[in-house]
1. Calculated FRET efficiency, residue 161 and residue 216, Cβ-Cβ r, R0 25 Å, to nearest 0.05?
2. In the P(r) worked out for segment 75-115, what percent of Cα pairs fall beyond 15 Å?
3. Hey, could you get me the Stokes-Einstein D for segment 244-300, Kirkwood radius over alpha-carbon pairs, 20 °C and 1.002 mPa s, rounded to whole µm² s⁻¹?
4. How far, in nm, would the chain grow between residue 306 and residue 200 when pulled straight, counting 0.36 nm per residue and subtracting the alpha carbon separation?
5. Rounded, prolate or oblate, given the Cα gyration tensor of segment 105-169, with a/c below 1.5 counting as rounded?
6. Rg to Rh for the chain: what is it, with Cα atoms only and Rh by Kirkwood?
7. Show me 62-71, 198-207 ranked by packing, highest mean number of other Cβ atoms within 10 Å first.
8. Along each principal axis of its Cα atoms, how long is segment 2-57 end to end? Whole angstroms, biggest number first, please.
Amino acid sequence: MSQITETIHSLPVDPQTGAIAVPIYQTSTFVQEAPGIHKGFDYARTNNPTRKVLEDVIAKLEGGQQGIAFSSGLAAIDAVLKLLKAGDEIIAVDDIYGGAFRLFTHVYEKFGIRVKYVDTTDPANIEKALSPNTALIWIETPTNPTLKITDIEEVAIIARAYDCLLCIDNTFASPVLQRPLALGADIVVHSATKYLGGHSDLIAGLVVARNQEIGERIKFIQNASGAVLSPFDSWLVLRGIETLHLRVKQHCENAQRIAEWLEAHPAVEKVHHPGLPSHPGHHVARRQCSGFGGVVSFVLKDNSASAA
């Protein structure tokens, strides 16, 4: 049985009714026999049955110990950054998602957390940028939107040697194509708004921790900060995950054909897609991914509106 099939069939059946679809527990509070004596749920910010199913499912998909669901991808990123303290440094991929750059630079730098942006496609650049204050290495692979590829295993070796956390934004690959924790990462984040949700009708973020200790720290931050995913949006992501492998497979096939067509077009200067042998990260992507993703970007020879 494939990993995705096993995960889908592991979705729990409702014990009260036998419903095979996960119920939406649209409630703020839960009955307690006495303060602290309950059935695992007391207040929906702290925990919710629908959200917990999603958190368990994404942890299983990524091969981690703890999943944590947030109200947006940036809320998920923010929770990971809250593991740090003033004086810590982050080494981040230079081709970082704009929303993450805004959060890193305009929010966290004023709290004394320094960020160094480097070209992580060459792991040697990461090692050169390390300092005694480096606490986190932040990688997107593939990046958004130029599809740069970073060798996760190589960076994980560096992170372990220097006692840094390694976090991978796996949004553009999804757990269907890439499992960073198996390659040595400590934390994975997703904008579940994209592939995982799959229908452009929700905003959500997910974090998966390799071990329980990191997972419990992020779970504490989720409860303390309060940027939790609603029961309905949790259900929507679960619905999306049920067709994730089929959708991603078709995305990959479509993107490959479009990338090959664009590369042969006389008006196109360059195509960014890791499925092309001409892509500088092609060989790394072949090794660490089971597919090349559904996103293609390109540069025209004549960069004008009329040419486009």
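What follows is calculated from the coordinates using simple rules that are stated; it is not laboratory data. Given the structure is predicted, the values throughout are model-derived calculations rather than measurements. Cβ sites come from the backbone with ideal geometry, for glycine too, and all protein chains shown count toward neighbours.
1. Numbers: r = 25 Å, r/R0 = 1.01.
According to the calculation, E is roughly 0.50.
2. Numbers: 260 of 820 pairs.
So the portion of pairs separated by more than 15 Å is 32 percent.
3. Values: Rh = 11.5 Å.
D, rounded to a whole number, is 186 µm²/s.
4. Values: separation 106, 0.36 × 106 = 38.16 nm, distance 3.01 nm.
The residue 306-residue 200 span can extend by a further 35.1 nm.
5. Values: a/c = 1.92, a/b = 1.15, b/c = 1.66.
Verdict is oblate for segment 105-169.
6. Working: Rg = 20.2 Å, Rh = 20.3 Å.
Value, to two decimals: 0.99.
7. 62-71, 198-207
8. Principal-axis extents of segment 2-57 (Cα, largest first): 43, 22, 18 Å.
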